[in-house]
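Peer 1: Quick one: structure below, then a few questions.
The values are calculated or read from the model by the stated rules, or taken from the named source; none is laboratory data. Remember, predicted model here, so these are calculated numbers, not experimental data. As a convention, Cβ positions derive from the backbone with ideal geometry for all residues, glycine included, and neighbour counts pool all protein chains shown. All accessible areas refer to the heavy atoms of the entire protein, side chains included, with ligands and DNA or RNA removed. Shrake-Rupley method; radii C 1.70, N 1.55, O 1.52, S 1.80 Å.
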Amino acid sequence: MDHSLRFASPQTSRPMAFNMRLLAQHELGGYGGLGEGMALQQAPDGRRILWLAHESAPKNFTGVDVTDPRRPEVVVQTELPHARVRSNSLDVSGHLMAVAYQVNAVGLKPAGFDLYDISRPEAPRLISHFDASGPRSRGVHALWFVDGEFVHMASGADDFVPHDPRDDQCYRIIDVRNPFRPVEAGRWWMPGVRVGDEAPPPDRLPAPFDAGMRAHNTNVYPQRPDRAYVAYLDGGSFILDISDKSRPKVVAHWRNSPPAHGFTHTVLPLFERGLMVVSDESIKDGAADWPKLVWILDMHYEQRPLPLSTLPLPDPQVFSRRGGRYGSHNLHENLPGPTSWRSEEIVVGTFFNGGVRAFDIRNPYQPREIAYFVPSSPPLSPAGAIQLNDVYVDERQLVYTVDRFSGGLYILEMTP
């Protein structure tokens, strides 16, 4: 069967909602396949511009005016230089935007990130490019840029040689205080994954679950600028001391795989409560890698994270046959900017065909679901179902979420 031509079945053609209401959907001119980069800018003229990274070529990034959330309008949409590169991730600080570039084969370019001046959203102006290409590098998969000074990223490098090609992206810190001349300030990798390490190569998951031990999200918050919260896929989650950015050091390591199936994606600290939220991404269709969950950990003793619970998800039998992936993925990350909602009691995440879901974790031992929205299957989606990929919640508690293949942008209002 040609899955690229499969239409939605009756069970996926109707949306499901609880305490979330759809305000608007925008298919972005037919280019509704979006990645893991979402950032909301308050433009100099007062408009609110939502910046979105695309999952794959031909589009690079799109800017959407969401000043009126019921009437979103595309203000700019840019092209990638060729079909073998993707701009899966972006972030905004003030009126600077960093955009990641990852190629689908080592040695290709552009592989790295661009810095743009977006003070005029309709005309983003390229300031500089940081080159992370090389004979063993695919470039940058995900980046974090919230302080206007440093880009934290999961990236290959021309001089980084892994034992296994699946381990090709380490944690790199790039100084962009001079945005015209980015320079590397430091890097760190899981001991044993690099050729020349004294530590032995780490134990791997069995096939077909071995997806690599490489950096993914690399979050650094103003509450603890000396800490990086790094998800390292099958290597688990790390807390790093980056008080000396040239020499990051491990403070804590929590790894649940095996027996879990790996792919730790996001590490979200809740500083006031001494908690940490960790998501493991589903990467197999039909929930073949279930369980892929979101974990709540106690962090009062930073060096020894203690798992307390997982977010309660619907039985995989409900969603595994709907099409595409089902399981956890991205979280709203409590970004520090003025347009981001921050909560230490509510966690919002995307779960592919399980939609976008919100959870009350005031009792961290017994989280409870308080809202969800599962859109109907977008027309011509190759998955045959929605595949919600990322989520951003603004300071008004409006929820922005995107489909991985064709549905584009959904703007929701939480109503509990």
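Peer 1: What residues qualify as long-range amide H neighbours of I370, i.e. H under 5 Å apart, gap of 5 or more or another chain, H built at 1.01 Å from N?
Peer 2: Placed amide hydrogens put A358, F359, D360 under 5 Å from I370.
Peer 1: What label, among (1) 25.5, 113; (2) 22.3, 73; (3) 19.8, 57, belongs to Rg and Dmax of the Cα atoms in Å computed from the structure on display?
Peer 2: Computed from these coordinates, Rg and Dmax of the Cα atoms in Å corresponds to label (3).
Peer 1: Next question. Once the piece of chain linking Q317 and N104 is laid out straight, how much longer is it, given 0.36 nm per residue of separation minus the C-alpha distance between them?
Peer 2: Going from the current span to full extension adds 73.4 nm.
Peer 1: Ok, one more. What does the extension gain come out to for R362 and R47, with contour length at 0.36 nm per residue minus their alpha carbon separation?
Peer 2: 110.0 nm
Peer 1: How big is the convex hull of the Cα atoms of segment 280-398, per residue, in Å³?
Peer 2: 120
Peer 1: Another question, then. Using modelled amide H (1.01 Å from N, peptide plane; none on Pro or chain starts), what sits under 5 Å from the amide H of G186, excluding residues fewer than 5 places away?
Peer 2: Hits under the 5 Å cutoff: I173.
Peer 1: I'd like the carbon and sulfur percentage of the solvent accessible area for segment 1-138, probe radius 1.4 Å, heavy atoms only, ligands and nucleic acids excluded. Kindly include the intermediate steps, with their values, before the conclusion.
Peer 2: On the way: 3160 of 6110 Å².
Roughly 52 percent, rounded to a whole number.
Peer 1: Still on this structure: Mind checking the dipole of the chain: about its Cα centre, +1 per Lys or Arg Cβ, -1 per Asp or Glu Cβ, Debye to the nearest 20?
Peer 2: The calculation lands at about 480 debye.
Peer 1: With just the Cα atoms defining each centre, how far is segment 223-294 from segment 385-416? Give it in Å.
Peer 2: So the two Cα centres are separated by 23 Å.
Peer 1: Quick check: net charge around K59, other residues with Cβ under 15 Å of its Cβ, Lys/Arg +1 and Asp/Glu -1?
Peer 2: Around K59, the surrounding residues sum to -3.
Peer 1: Moving on. Name the residues of segment 30-51 whose amide N is less than 18 Å from a point 7 angstrom out from the Cα of E149 along the C-beta direction?
Peer 2: Under cut-off, by backbone N: nothing.
Peer 1: Could you check the spin-label model distance between R342 and H300? Points 7 Å from the Cα along Cα→Cβ, value in nm.
Peer 2: Here the answer is 2.3 nm between the modelled labels.
Peer 1: Enter the Cα centre distance for the pair segment 116-147 and segment 32-106, rounded to the nearest angstrom.
Peer 2: 11
Peer 1: Per residue of segment 139-149, in order, report the coupling 6.51 cos²θ - 1.76 cosθ + 1.60 (Karplus, θ = phi - 60°) as ³J(HN,Hα) in whole Hz, putting x for Gly and Pro.
Peer 2: x, 10, 8, 9, 9, 9, 8, 10, 10, x, 10
Peer 1: By average Cβ neighbour count within 10 Å, what is the ranking of 169-175, 217-223, 193-199 from highest down? Present the calculation step by step, with values, prior to reporting the outcome.
Peer 2: Working: 169-175: 23.3, 217-223: 19.3, 193-199: 12.3.
Order by mean packing, descending: 169-175, 217-223, 193-199.
Peer 1: How much FRET efficiency would the formula 1/(1 + (r/R0)^6) give for R70 and D244, where r is the Cβ-Cβ distance and R0 is 60 Å, rounded to 0.05?
Peer 2: On the way: r = 48 Å, r/R0 = 0.80.
The computed FRET efficiency comes out at 0.80.
Peer 1: What whole-number value in cubic angstrom gives the convex hull volume per residue for the C-alpha atoms of segment 1-149?
Peer 2: Working: hull volume 22.4 nm³, N = 149.
So the per-residue Cα hull volume is 150 Å³.
Peer 1: Order of 25-37, 239-251 by packing, highest average Cβ count within 10 Å first?
Peer 2: 25-37, 239-251
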